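Participant: Structure in structure tokens, see below.
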Amino acid sequence: MKRVVVAGMGFAGVRAARALAGQGMEVLLVDRHNYHLFQPLLYQVATAGLEQESIAYPVRAMARNWPGTRFILAEITGADLDARTLRTSAGTIPYDYLVVGGGSVTNYFGNDAIARHSFDLKKLSDAEQLRNHILWSCERAVAETDPDKRRALMTFVIVGGGPTGVEFAGALIELVRYVLSKDYPELQAREARIILVEAAERLLLAMPEKLSAYGAEKLHRMGVELLFGRRVVGASGEQVELDGGEIIRAHTLFWSAGVRAAPLAEALGLPAGPGGRVPVLPDLTVEGRPELFVVGDMAHVVQDGQPLPMVAPVAMQMGVYAARAILAREWGRPLGPFRYRDKGSMATIGKSAAVAVSHGLNLRGYPAWLAWLLLHLYYLIGFRNRILVMLNWSWYYWFHERQVRLITDCERSVEKVE
């Protein structure tokens, strides 16, 4: 029986494993975490809207429903590609086919100061730490008598006007205006500043200009300050430096201005292309390695003259294709090259407000927001998770309350500002 090892249980790995299950092959799943994480909703954990557990699902719970599939919790440390073996913290694993989907990490473009003093959202622990920090900043601001220091504690700088930055900015301003203003009556809502910095001249570059303008106008009306054509070039625990020497006194910097491929590619000795991504052939294999598939954010695929974006829909389609390619090879059936079918993109801005592009339709406002809700509920794994998320969203919609206002680690909450 041929063995397929799927390295990484992100969106691509889960789709590949599901498609391979029950097809007469041994499917071995390897990840350093024992859960699949729904990353698009991490910002809602960070802004006290959802519990961590509601956007994660145990890999073993999935694997027990997939015939011929088992899971190993291990860190991948390297590989012998010629011998077709994978080195992990749990030992050496031989394979006949290897599907690598290690995802991506935040790209700070070599700026160590920003990396040291900013927050990002790639892991569950990142979201919890950022939530702790936001709430702890409010606690410190209540006790602060110096108005300048108090203002800095309540200033939040967000870098990057893509979907993550826009969604986080909208969720954060709503948290401050509708929830924290009631929890902390000593703090005036107007004392809080949420500043969104974007190097381009508009938000959401992947969307039409009309939807971009709607998103910017909505955020502006909500109270978010927008700085276009500006870059953050430095940071410390108490200030953010913009190009041109402008200084913003702030204790919170959130970075969503870029991603690069996970370092797993380097550990496996794979070739690196732009952003650390691995150049692959049209069938998603590495040149000279027909048994090795690279999928998701780690794969550099050029389609219609442009590299495919590092987003979940691309990863899911790549994972399914890799599984089909392996099965087609084993069954001696032809399979054409991979081609991504763009079904659209969307971003939520706040309550009852979102933008969406799908199949030539441009949606904004409540219809786009409803489509965003339904799509995210659909792609969440686990019936319980869907129910919990829907209940949390419903509670906030009707009562403007976010229940997960917990500071779970005060010491780690101030690490970024020291």
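The values are calculated or read from the model by the stated rules, or taken from the named source; none is laboratory data. Computed from a predicted model, the values in this text were never measured in an experiment. All Cβ positions, glycine included, derive from the backbone under ideal geometry; neighbour counts span all protein chains shown.
Participant: Just checking, how many residues over region 229-247 are touching a residue at least 60 places away in the same chain (Cβ under 8 Å) and among the hydrophobic types (A, V, I, L, M, F, W, C)?
Facilitator: Total satisfying the criteria: 4.
Conditions (1) in contact (Cβ under 8 Å) with a residue 60 or more places away in the chain; (2) closer than 20 Å to Lys122 by Cβ; (3) in contact with a strand residue (DSSP E or B) (Cβ under 7 Å, 6 or more places away or on another chain); (4) part of a loop (DSSP other than H, G, I, E, B), marked per residue:
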| position | (1), (2), (3), (4) |
| --- | --- |
| Pro290 | no, no, no, no |
| Phe293 | yes, no, yes, no |
| Met310 | yes, yes, yes, yes |
| Arg324 | yes, no, no, no |
| Ala328 | no, no, no, no |
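Participant: I would also like to ask the following. Quick check on region 204-220: of everything there that is crowded, with 16+ Cβ neighbours inside 10 Å and closer than 17 Å to Gly160 by Cβ, which residue is nearest to the chain's Cα centre (by Cα)?
Facilitator: Step by step, filter region 204-220, then rank; the result is Leu204.
Participant: Condition first: surrounded by fewer than 17 Cβ atoms within 10 Å (Cβ to Cβ) and of a type in the set (Lys, Arg). Can you find one or more residues in region 79-99 that meet it?
Facilitator: No, there is no match, as no residue in region 79-99 is surrounded by fewer than 17 Cβ atoms within 10 Å (Cβ to Cβ) and of a type in the set (Lys, Arg).
Participant: Counting only residues that are surrounded by 24 or more Cβ atoms within 10 Å (Cβ to Cβ) and farther than 11 Å from Leu73 by Cα, how many does region 16-35 have?
Facilitator: So the count comes out to 4.
Condition check ((1) of a type outside the set (Asp, Glu); (2) under 18 Å from Leu380 (Cα atoms); (3) touching a Lys or Arg at 6+ places or on another chain (Cβ under 7 Å)) across all residues:
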residue	(1), (2), (3)
Val4	yes, no, no
Ala21	yes, no, no
Ala48	yes, no, yes
Asp80	no, no, no
Thr88	yes, no, no
Gly91	yes, no, no
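Participant: Right, Ala250: in contact with a helix residue (DSSP H, G or I) (Cβ under 8 Å, 6 or more places away or on another chain) and without any contact (Cβ under 8 Å) to a residue 24 or more places away in the chain or not?
Facilitator: For Ala250, the condition - in contact with a helix residue (DSSP H, G or I) (Cβ under 8 Å, 6 or more places away or on another chain) and without any contact (Cβ under 8 Å) to a residue 24 or more places away in the chain - is not met.
Participant: Now a separate question. Might you check whether a residue that is in contact with a strand residue (DSSP E or B) (Cβ under 6 Å, 6 or more places away or on another chain), surrounded by 13 or more Cβ atoms within 10 Å (Cβ to Cβ) and not in a helix (DSSP H, G or I) occurs anywhere in region 381-390?
Facilitator: Yes, the conditions are met somewhere in region 381-390.
Participant: I've got another one for you. So Val355 fits all but one of (1) surrounded by fewer than 20 Cβ atoms within 10 Å (Cβ to Cβ); (2) within 30 Å of Gly305 (Cβ to Cβ); (3) modelled with pLDDT of 95 or more; what number is the exception?
Facilitator: Failing condition for Val355: (1).
Participant: Among the residues of region 65-75, are any modelled with pLDDT under 95 and either closer than 21 Å to Met316 by Cβ or not β-branched (Val, Ile, Thr) (or both)?
Facilitator: Yes, because at least one residue in region 65-75 is modelled with pLDDT under 95 and either closer than 21 Å to Met316 by Cβ or not β-branched (Val, Ile, Thr) (or both).
Participant: Continuing with the same structure: Going through Ala299, Ala272 one at a time, which residue ends up being without any contact (Cβ under 8 Å) to a residue 12 or more places away in the chain and among the aliphatic types (A, V, I, L, M)?
Facilitator: Checking each option against the conditions leaves just Ala272.
Participant: Looking at (1) of a type in the set (Val, Ile, Thr); (2) in contact (Cβ under 8 Å) with a residue 60 or more places away in the chain; (3) outside the structural domain of Val320 (by TED's automatic domain parsing), can you tell me which one Val14 breaks?
Facilitator: Val14 satisfies all of (1) of a type in the set (Val, Ile, Thr); (2) in contact (Cβ under 8 Å) with a residue 60 or more places away in the chain; (3) outside the structural domain of Val320 (by TED's automatic domain parsing) except (3).
Participant: State all residues of region 178-198 that are of a type in the set (A, V, I, L, M, F, W, C) and either over 26 Å from Leu242 (Cα atoms) or loosely packed, with under 12 Cβ neighbours inside 10 Å (or both); if no residue qualifies, say none.
Facilitator: Val179, Leu180, Leu187
Participant: Here's another thing I want to ask about it. (1) acidic (Asp, Glu); (2) exposed (fewer than 15 other Cβ atoms within 10 Å of the Cβ); (3) in a helix (DSSP H, G or I): which one isn't true of Glu201, the others all being true?
Facilitator: Failing condition for Glu201: (3).
So that you can scan it fast, the table gives a plain yes or no per residue for (1) touching a helix residue (DSSP H, G or I) at 6+ places or on another chain (Cβ under 8 Å); (2) among the aliphatic types (A, V, I, L, M):
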{"site": "Phe228", "(1), (2)": "no, no"}
{"site": "Glu241", "(1), (2)": "no, no"}
{"site": "Trp255", "(1), (2)": "yes, no"}
{"site": "Val286", "(1), (2)": "no, yes"}
{"site": "Gln303", "(1), (2)": "no, no"}
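Participant: Another one. When you scan region 137-153, how many residues do you find that are under 14 Å from Thr47 (Cβ atoms) and touching a residue at least 60 places away in the same chain (Cβ under 8 Å)?
Facilitator: Qualifying residue count, region 137-153: 1.
Participant: Please specify each residue of region 100-131 satisfying the condition of being among the charged types (D, E, K, R), within 15 Å of the chain's Cα centre (by Cα) and surrounded by 16 or more Cβ atoms within 10 Å (Cβ to Cβ).
Facilitator: The answer is Asp120, Lys122, Asp126, Glu128.
Participant: Residues in region 185-194: is at least one of a type in the set (Gly, Ala, Ser), over 18 Å from the mean Cα position of the chain (by Cα) and in a loop (DSSP other than H, G, I, E, B)?
Facilitator: Checked region 185-194: at least one residue is of a type in the set (Gly, Ala, Ser), over 18 Å from the mean Cα position of the chain (by Cα) and in a loop (DSSP other than H, G, I, E, B).
Participant: Could you tell me whether Gly229 is assigned by TED's automatic domain parsing to the domain that holds Pro163, over 22 Å from the mean Cα position of the chain (by Cα), at pLDDT below 95 and farther than 30 Å from Leu81 by Cβ?
Facilitator: no
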